[in-house]
Amino acid sequence: MTGPDDGPLRGRVVLVTGAGAGIGRAISVACARAGAAVVVSGPGDNAAETARLAGAQGGRAVFARTDVTVADEVEAAVQRAVDVFGGLDAVVHNATSRRSSDVVAIDAIDDDAWDDHMAVSLRGAYHCARFALPHLARRRGRLILMTSPAAMEGSVTLPAYAAAKGAVRGLAKSLALEWGPLGVGVVCLSPLANTPALARAYVENPGLEERLAQVVPLGRVGDSDTDIAPVVVFLLGEGARYITGQTIVVDGGRFTAL
Amino acid sequence: MNTEGPAPSVAVVGADTGAGAALAAGLEDLGASVVTLPGAVLARGVGFRAALDDAGRGAGALDAVVIASVGTGPTLPGALSELDADAWHARVEVPLQRTLVGFQGAYGALRAGGGTLVLVVPTLALIGAAGFGPWAAVTEGQRALAKAAGRAWGPSAVTVHCVAVPAALLVREAAPTGAGVLPPGHETRLDRPGQPPPALDAPDMRGCVAPVVQTLISPAWRSVTGATVAVDGGVWMTP
């Protein structure tokens with residue numbers, strides 16, 4: 001079994017947004033365990049706890065309080081990676097709106113809700129891309145943007161979330177082409193996993209958990225630690241260096257229409 | 001919804017662009033009753049729904065709303081790393097805001113009697129394009145919202161489709177004069193140069209795209225929604 005000293009991400013520096021809980025926390029801890037130095041970013045103190053958990057894996061991790069909708073804060077998080085760890089190899093933009101699980105019909109979406117979805121998922125992706133590129137280009141790095149099945153198949157209950165995550169896919173495909181000559185890979189990852197956001201969706205949408213399990217060929221909703229984070233570690237590692245511009249769907253086989 | 005055959009009542013939004021005007025003309029060629037609206041009517045607070053209601057009073061109950069353009073901002077080229085915050089807002093967030101306004105207004109106008117919302121988008125969003133990240137982002141956001149709306153509005157007999165056309169076609173016809181909005185040389189970066197040539201002749205808005213839109217809003221397509229139909233002469237043949 002590999003550890004931080006001989007893991008696949010040894011010597012690499014990874015910035016994870018939205019790392020206070022759920023998938024972001026799982027990715028941060030897994031990257032640390034795989035040998036990466038991790039900048040754990042999030043707007044709240046729970047991201048500091050994630051940094052502590054990641055450090056407990058024997059890796060190196062620092063907390064950067066970051067609201068990804070604010071350009072200066074993303075720039076500061078990137079700079080923290082450079083200042084503390086000497087550079088930046090990868091960014092995993094996992095942050096998404098706190099309203100991402102709010103059930104609302106399209107005709108009832110108000111401006112505030114729409115703007116919040118776009119600000120966190122999409123503008124946050126733009127900020128990450130813009131400020132990280134000079135550093136990623138130096139190290140032939142990676143940008144991973146988290147998307148959603150809703151981006152590819154639509155969602156009756158989460159239309160704003162679907163639109164924001166769809167836009168992220170469009171951005172990722174174009175950035176993959178734009179940055180390919182620089183040696184920088186850009187990938188989207190579409191996970192299906194039990195997260196705090198999905199737990200809230202279960203409350204708002206009774207029966208959702210059971211229905212999800214029924215439509216997943218592997219028979220269960222994924223686990224952030226054991227099903228999603230290892231795929232991210234792979235995508236950040238040397239074995240994935242020829243993958244770019246793709247949406248990697250990690251959902252137990254539920255979506256097969258690509 | 002148009003159930004009588006060849007004379008649907010259609011509002012074409014973004015008809016102040018060359019592409020939108022050509023599409024409107026093509027639909028009129030096919031016998032549709034067409035009301036044209038500028039893309040600016042999709043701005044927040046302008047009253048798109050009221051504009052559609054006015055259009056419906058003038059042309060009869062609308063069968064379809066076609067959004068040919070949400071503005072030319074997304075079509076402007078540039079590396080993402082060189083895009084400042086204001087440009088990002090103008091090229092990505094504002095067009096997406098306008099998209100939501102368009103969806104909400106169209107649904108309000110169509111929900112009583114059923115009908116179809118069609119968005120005209122560039123094929124570059126299906127496959128990405130260097131230097132056009134904003135346009136691809138806007139379009140993929142639109143396509144995801146179209147699928148969400150298609151699922152949600154089916155019970156009201158409101159269908160939603162995207163028609164994907166070569167980006168160069170939209171850029172070339174983005175201005176009323178027919179002049180392109182891109183600086184010289186940028187058009188060649190659209191639609192992934194170096195790919196195999198189109199299997200068919202390159203389409204134009206009036207003669208090729210308009211008939212497809214006319215078909216999509218016809219009763220023959222009442223069992224289809226959330227689709228993206230590529231009218232690109234057979235370049236990408238995406239799954």
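Taking each residue in B:129-135, count the Cβ atoms of any other chain within 10 Å of its Cβ, then average. What number comes out?
On the way: counts 5, 9, 3, 4, 12, 5, 3.
The mean count of partner-chain Cβ atoms within 10 Å per residue comes to 6.
Stokes-Einstein at 20 °C, 1.002 mPa s, Kirkwood radius from Cα pairs: D for chain B in µm² s⁻¹? Answer, rounded: 122 µm²/s. Per-residue shielding of B:148-156, expressed as the average number of other chain Cβ atoms within 10 Å of the residue Cβ, stands at 5.
Output needed for the range A:127-258: three equivalent-ellipsoid semi-axes, defined as square roots of 5 times the C-alpha gyration tensor eigenvalues, in descending order, whole Å.
Details: eigenvalues 166, 50, 31 Å².
After scaling each eigenvalue by five and taking roots: 29, 16, 12 Å.
Diffusion coefficient of the protein assembly as shown by Stokes-Einstein, Kirkwood radius over Cα pairs, 25 °C, 0.890 mPa s: 107 µm²/s.
Rounded to the nearest whole Å³, what is the per residue volume of the convex hull around the Cα atoms of the range A:72-147?
Values: hull volume 7.0 nm³, N = 76.
It comes to 92 Å³ per residue, whole-number rounded.
Rounded to two decimals, the Cα-based Rg/Rh of the range A:1-123, with Kirkwood Rh, is 1.05. Stokes-Einstein, applied to the Kirkwood radius of chain A over Cα pairs at a viscosity of 1.567 mPa s and 4 °C, places its translational diffusion at 72 µm² s⁻¹.
Check every DSSP H run in chain A and write down those whose alpha carbon atoms cover 24 angstrom or more along the long axis and whose mean Kyte-Doolittle hydropathy is -1.0 or greater. Don't jump to the answer; show the numbers that get you there.
Details: long enough: A:159-179 (29 Å, 0.33).
Within chain A the helices that satisfy the rule are A:159-179.
Distance between the C-alpha centers of the range B:94-117 and the range A:93-144? Whole Å please. Computed from Cα coordinates, the inter-centre distance equals 24 Å.
Read-outs: derived from the displayed coordinates by stated rules, not from any lab. Everything numeric in this text was worked out from a predicted model, so none of it was measured. Using ideal geometry, Cβ is built from the backbone for each residue, glycine included, and neighbour counts are taken over all protein chains shown.
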